[in-house]
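Each remark here refers to the structure printed beneath this line.
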Amino acid sequence: MTEALLEVNDIQKYYGDAHVLRNINFDIQPGEFVALVGQSGGGKSTLLRLIAGLEHATSGSIKQDGTEINRLNAHSRVMFQDDRLLPWLTVSENLTFGATHSKEQKEHVAKLLARVELTDFADAYPNSLSGGQRQRVALARALMANPQLLLLDEPLGALDALTRRKMQDLIMDLWQERKMTTILVTHDVNEAVRLANRIFVVRDHQIAWAGSNDLPYPRTDQAIAPLANTILNEIITEG
Ligand SMILES: Nc1ncnc2c1ncn2[C@@H]1O[C@H](COP(=O)(O)OP(=O)(O)OP(=O)(O)O)[C@@H](O)[C@H]1O
């Protein structure tokens, strides 16, 4: 049994009187791809923000590689639904937040942009790109530091169906190449089942259901349907 990369112990989170995360406990092993699904407002994004160190739990602990996360988690990167690119920087400058490039860094940027098929847009500004292209820049930026943990907060939510599908394939290919531990928050149960090897349903602010997903990759619509159906039923189950 390998050491867990992430250990989430007895997390409680309140906003004022609202108890938005209750008794959250789980471990994630290195290289896993975990998806969090559930109804809107259940607390999924809050949990991701706690893991990223962007907020603090009311009680409980989150450890990565044995170290408690009590400030911005430097070993993780987050990608959000909105790309959060800086409009005054070019695509390649966005990958380094405008910092001066060393030769190695320039090569690293070029390699990543090639990997997300944006070499021709390296010197373009974000406002000249499509939504899908912008999200590919955001993904490349998230991968720049080779994070141990990639946190994806509904990153494909604003994309059309075809672009979304292509992005899912890209994320899957990158995960298989790089083996970075990944946590995806998504409303799309099919997306969760297509990508993840473990799935948590967050309901009533708790993890109401957890299951592993050993379907072989790549996963067809037909192959994912039974598990997606089970999970959908878990999401809509009352209390
Ligand atoms: N900064 C905040 N201050 C107060 N309440 C908040 C804050 N952030 C989130 N909440 C509340 O906490 C609850 C959980 O929100 P969260 O965004 O984590 O849910 P979610 O499951 O990710 O929902 P969605 O799927 O719609 O993104 C919601 O009721 C939300 O209104």
Completion exercise
When every residue in the range 1-37 that is within 11 Å of the ligand (Cβ to nearest atom) and of a type in the set (Val, Ile, Thr) is compared, the one farthest from the chain's Cα centre (by Cα) is 20
Practice task
Within the range 88-138, work out how many residues are part of a helix (DSSP H, G or I), aliphatic (A, V, I, L, M) and touching a residue at least 12 places away in the same chain (Cβ under 8 Å).
Solution key: 8
Exercise for the section: Collect the residues in the range 163-187 that are without any contact (Cβ under 8 Å) to a residue 24 or more places away in the chain and under 26 Å from residue 236 (Cβ atoms), keeping them in residue-number order. Expected result: 165
Exercise for the section: Return yes when residue 231 is aliphatic (A, V, I, L, M) and out of contact with any Ser or Thr (no Cβ under 9 Å at 6 or more places or on another chain) and no when it is not. Expected result: yes
Handout entry: Residue in the range 64-81 that is at positive phi, surrounded by 14 or more Cβ atoms within 10 Å (Cβ to Cβ) and within 13 Å of the ligand (Cβ to nearest atom) present
Key = no
Completion exercise
Exactly one of 33, 80 is in contact with a Phe, Trp or Tyr (Cβ under 8 Å, 6 or more places away or on another chain) and within 15 Å of residue 152 (Cβ to Cβ), and that residue is 33
Fill in the blank from the handout: Checked the range 86-96 for anything surrounded by fewer than 20 Cβ atoms within 10 Å (Cβ to Cβ) and among the aliphatic types (A, V, I, L, M); matches are 86, 89
Exercise for the section: Please name all residue pairs, on different chains or six or more residues apart, with Cβ atoms under 6 Å, provided the first residue is in the range 140-162 and is within 13 Å of the ligand (Cβ to nearest atom) and the second residue is of a type outside the set (A, V, I, L, M, F, W, C) and in a strand (DSSP E or B). Expected result: 151/76
Exercise for the section: Evaluate the range 38-60: report whether one residue or more is away from the ligand (no atom under 16 Å from the Cβ) and either assigned to a loop (DSSP other than H, G, I, E, B) or touching a strand residue (DSSP E or B) at 6+ places or on another chain (Cβ under 6 Å) (or both). Expected result: yes
Handout entry: Leading residue by the ranking (farthest from residue 37 (Cα to Cα)) among those in the range 208-239 that are of a type in the set (Asp, Glu) and assigned to a helix (DSSP H, G or I)
Key = 221
Practice task
With the checklist (1) of a type in the set (A, V, I, L, M, F, W, C); (2) under 21 Å from residue 133 (Cα atoms); (3) crowded, with 19+ Cβ neighbours inside 10 Å; (4) out of contact with any Asp or Glu (no Cβ under 6 Å at 6 or more places or on another chain) in hand, flag the one item residue 149 doesn't pass.
Solution key: (2)
Exercise for the section: State yes or no: is residue 71 over 17 Å from the mean Cα position of the chain (by Cα) and outside any strand (DSSP E or B)? Expected result: yes
Practice task
Return a yes/no flag: does the range 97-109 have any residue that is surrounded by 15 or more Cβ atoms within 10 Å (Cβ to Cβ), within 27 Å of residue 163 (Cα to Cα) and not assigned by the TED database to the domain that holds residue 196.
Solution key: yes
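The values are calculated or read from the model by the stated rules, or taken from the named source; none is laboratory data. Only a predicted model underlies this, so the values are computations on that prediction, with no experimental measurement involved. Don't worry about glycine lacking a Cβ; one is built from the backbone with ideal geometry, like all the others, and counts go over all protein chains shown.
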